[in-house]
Amino acid sequence: MRVAEFIAMLIEGYAAAGLVFAALFLPRAAARMDQGLAHSVAVRLVILPGMVALWPLFAVRWALGTPPPDERNPHRDKAARR
């Protein structure tokens, strides 16, 4: 039973760290990383669960100052070749 309690405690800690990170990240840095989020509170609420789950990835991108990725699909690739 102690192992299960320890695993549950780790998951709770990870989620708590994700909530703290999201509280710091979403109001300020999200709009700097993606200009489409500058005036959208609803979208920020929608992405909150994903932000809590994937907060280490967002933390690395924020720390490195990585720009948003370019969308890649066949239509954009064909247009870029012209």
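What follows draws every value from the coordinates through simple rules; no lab data is involved. What you see is a predicted model; the values in this text were computed from it and never measured. Positions of Cβ are generated from backbone atoms using ideal geometry, with glycine treated the same way; all protein chains shown enter the neighbour counts.
Brief remarks follow.
- Seen from Arg28, the other residues with C-beta closer than 15 Å to its C-beta sum to a net charge of +2, counting Lys and Arg as +1 and Asp and Glu as -1.
- Which of Trp55, Thr66, Ala29, positive extreme of dipole for segment 2-81 (C-beta unit charges): Thr66
- Angle in degrees between helix 2-33 and the longest Cα principal axis of the chain, rounded to the nearest 10: 30
- Nearest-ten-degree value, helix 55-64 long axis tilted from longest Cα axis of the chain: 50
- FRET efficiency, 1/(1 + (r/R0)^6) with R0 22 Å, evaluated for Leu57 and Glu12 via beta carbons: 0.65
- Helix 41-53 axis, angle to the chain major axis (alpha carbon atoms, nearest 10°): 60
- Each Lys and Arg adds +1 at its Cβ and each Asp and Glu adds -1 at its Cβ; summed about the Cα centre, the chain shows a dipole of about 440 debye.
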